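The values are calculated or read from the model by the stated rules, or taken from the named source; none is laboratory data. Just so it is clear, the structure is predicted and the values come from calculations on it, not from any experiment. Positions of Cβ are backbone-derived with ideal geometry, glycine not excepted, and every protein chain shown enters the neighbour counts. In case anyone asks, the SASA skips ligands and DNA or RNA and just uses the protein heavy atoms, side chains included. Shrake-Rupley method; radii C 1.70, N 1.55, O 1.52, S 1.80 Å.
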Amino acid sequence: MSDIAGELARVREAFDRPTLRLLDRKWAPFVLAVFKASFSRDRRSVQADRLHTQVDAYLADLRSIGSEVPGKNGRALCVQWMNDQWLYRETGEDDEEQYSLTSHALEALLLVDGLSRDRALISESRLTTIVDTVRHRATQANPDRDERIRRLDLEIAEKAAERDRLAAGGEIAAASNDQMHEGYANLIDLITQLPSDFKRVEESVAGMHRQIVNDFRAEERPISEVLDEYLSKTDALMSSTAEGRAFEGAFVLLRNDDLLSELKNDLESILLHPFALELSAADRRSFMGTVSLIRKGVDDVLTQRNGLTTTLREHIVNHDVVKDRELERLLREINKELAVWMQTAGPRSTVTAELMPGTLELEHLRERFYDPGAHKAPPPLEDVSAFAPEPPSLDAMRTQGGPLLEELRDAMVTAFTDRGAASVGEAFNSLEPEMRRPVEILGLMQIATQVDAVRHTDAADALTEDFETVRPDGTRRTFRVPRITLTDDATAALAALNYGPDHD
């Protein structure tokens with residue numbers, strides 16, 4: 001038999017995966033369009049009811065332009081996609097159900113994105129990446145000490161020669177826009193594969209979590225066997241799969257602050273090249289978010305792994321090993337007694353046994369004992385008074401407060417009696433800057449009301465005047481206020497107003 005049968009079996013197995021099932025469906029373009037419109041690198045989860053409403057809106061929009069769409073509503077479609085392993089529903093931090101894309105859906109989106117954009121084909125950037133990676137791995141794989149030293153000496157000589165050339169004033173060859181575009185496309189191909197890789201690791205850990213919980217609940221195997229299986233699966237996941245190795249590498253990267261800082265600086269340097277002006281704002285923002293993408297993927301995996309570890313710890317802590325040993329010893333004794341009885345009993349022998357065991361007469365036993373640690377006072381608060389900011393002065397606080405009624409009264413009396421001011425606005429504009437805050441206008445309106453000042457607000461003689469105010473920071477602003485004048489009686493009443501400490 002030729003190899004075609006084996007190849008056919010492998011292809012059929014690939015088509016049975018949720019990724020290719022999604023691409024092979026009639027409504028695949030609609031489903032992928034909904035996923036691209038609803039989810040993004042910055043929006044990994046969508047609240048369940050909101051996604052149902054969004055899908056209903058997408059269906060209505062497409063029907064309005066004559067496009068053929070599925071006949072179900074948004075909720076039914078989301079449930080169907082969840083059963084097809086394209087969506088995953090979980091409870092978020094606020095106890096609300098939310099949807100997120102599975103690794104299969106992310107792989108399908110990655111394939112569609114790769115086919116819909118310009119891919120990095122055979123280019124200097126891609127070939128350089130291959131050559132550099134092969135050289136680095138070959139150096140690591142060769143155990144010959146002399147050969148490794150030779151390679152390092154050669155690399156050091158090349159770097160030293162280039163440094164000396166630049167230090168001597170040698171020309172720096174700037175990369176062209178075409179070269180930068182090729183390198184950028186190559187990087188994007190690598191970066192866009194990260195979300196699905198992280199999601200596969202997260203789903204693998206979540207599957208291990210579900211399996212271990214089921215094993216604990218079934219109680220069909222010893223707890224030590226379940227733990228051994230968990231440890232072996234964890235080692236295999238992180239060392240034997242490409243996704244696990246990618247996660248371990250990303251985890252090492254995030255623990256190296258210097259390397260992470262260099263990565264951020266390198267990304268910024270790439271976007272400072274003139275070729276970046278041809279990229280869209282979304283492309284630049286997505287490219288600069290590479291570090292955040294790696295950090296978010298690692299955090300998601302660690303969250304799943306921490307949940308699994310918590311489940312193991314709680315089960316081990318709550319598992320009563322002594323009680324299990326006593327039960328096991330009792331069962332062995334019962335089996336031993338039964339074996340002896342079966343050897344000596346006749347064909348019709350019977351054993352009298354109570355239907356229900358009798359009640360034990362026991363006194364009350366204390367379940368909790370005094371714990372001195374429960375009555376300890378909390379630790380003293382840390383004294384952070386040395387880090388408190390300097391409080392503002394009284395004068396600075398007064399500049400941010402309400403109108404200075406007493407000072408305004410004295411200033412208005414002086415302006416109308418000594419300087420012969422014609423109106424309140426003219427008197428206000430002649431005051432010192434610290435007395436011309438915008439809030440002082442409200443104080444003048446209050447004073448004018450108390451002394452029955454004349455306001456020119458009738459339609460026949462409606463007049464306004466400008467109040468030139470000065471804020472505490474020195475900025476100026478003009479307010480237009482109805483013209484107010486004071487009669488001699490009003491001026492006398494103004495002088496009699498009391499705004500002192502005994503003012504009610």
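Quick look at the values:
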{"item": "Residue selected from the range 73-96 under the condition of a type in the set (Gly, Ala, Ser) and in a helix (DSSP H, G or I), by the criterion surrounded by the most Cβ atoms within 10 Å (Cβ to Cβ)", "result": "GLY74"}
{"item": "In the range 12-28, the residues that are modelled with pLDDT under 70 and aliphatic (A, V, I, L, M)", "result": "ALA14"}
{"item": "Criterion violated by PRO70 - all others in (1) open to solvent by 90 Å² or more (accessible area, probe 1.4 Å); (2) more than 24 Å from ALA206 (Cβ to Cβ) satisfied", "result": "(1)"}
{"item": "Given (1) within 20 Å of ARG21 (Cα to Cα); (2) part of a helix (DSSP H, G or I); (3) modelled with pLDDT of 85 or more, number of the condition VAL55 does not satisfy", "result": "(1)"}
{"item": "Pick from the range 35-52, criterion part of a helix (DSSP H, G or I), touching a residue at least 40 places away in the same chain (Cβ under 8 Å) and touching a helix residue (DSSP H, G or I) at 6+ places or on another chain (Cβ under 7 Å), ranking: surrounded by the most Cβ atoms within 10 Å (Cβ to Cβ)", "result": "LEU51"}
{"item": "Enumeration of residues in the range 144-161 that are of a type outside the set (A, V, I, L, M) and open to solvent by less than 80 Å² (accessible area, probe 1.4 Å)", "result": "ASP144, GLU147, ARG151"}
{"item": "Among (1) closer than 30 Å to GLY297 by Cα; (2) at pLDDT 75 or above, the one test that HIS136 misses", "result": "(2)"}
{"item": "Test: residue in the range 16-26 that is under 30 Å from VAL205 (Cα atoms), touching a strand residue (DSSP E or B) at 6+ places or on another chain (Cβ under 6 Å) and not in a helix (DSSP H, G or I)", "result": "no"}
{"item": "Some residue of the range 311-320 being open to solvent by 50 Å² or more (accessible area, probe 1.4 Å), out of contact with any Asp or Glu (no Cβ under 6 Å at 6 or more places or on another chain) and at pLDDT 75 or above", "result": "no"}
{"item": "Set ALA174, ALA185, ALA141: member being among the small types (Gly, Ala, Ser), open to solvent by less than 50 Å² (accessible area, probe 1.4 Å) and under 43 Å from the mean Cα position of the chain (by Cα)", "result": "ALA185"}
{"item": "Residue selected from the range 353-403 under the condition within 37 Å of the chain's Cα centre (by Cα) and acidic (Asp, Glu), by the criterion nearest to ILE334 (Cα to Cα)", "result": "GLU382"}
{"item": "Top-ranked residue of the range 200-212 - restricted to ones that are open to solvent by 30 Å² or more (accessible area, probe 1.4 Å) and not small (Gly, Ala, Ser), ranked as farthest from ARG295 (Cα to Cα)", "result": "GLN211"}
{"item": "Only listed residue being modelled with pLDDT of 75 or more, within 37 Å of the chain's Cα centre (by Cα), in a helix (DSSP H, G or I) and within 24 Å of GLU278 (Cα to Cα), chosen from LEU106, LEU115, LEU110", "result": "LEU110"}
{"item": "Failed item in (1) in contact with a strand residue (DSSP E or B) (Cβ under 6 Å, 6 or more places away or on another chain); (2) closer than 26 Å to ARG398 by Cβ; (3) modelled with pLDDT of 90 or more; (4) of a type outside the set (Phe, Trp, Tyr), with ARG480 passing the rest", "result": "(2)"}
{"item": "Count of the range 382-418 residues which are surrounded by 11 or more Cβ atoms within 10 Å (Cβ to Cβ) and assigned to a loop (DSSP other than H, G, I, E, B)", "result": "4"}
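Residue by residue, here is whether (1) modelled with pLDDT of 65 or more; (2) touching a helix residue (DSSP H, G or I) at 6+ places or on another chain (Cβ under 7 Å); (3) closer than 22 Å to ASP299 by Cα holds:
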residue	(1), (2), (3)
HIS209	yes, yes, yes
ILE212	yes, yes, yes
ARG221	yes, yes, no
SER232	yes, no, no
PHE251	yes, yes, yes
LEU259	yes, yes, yes
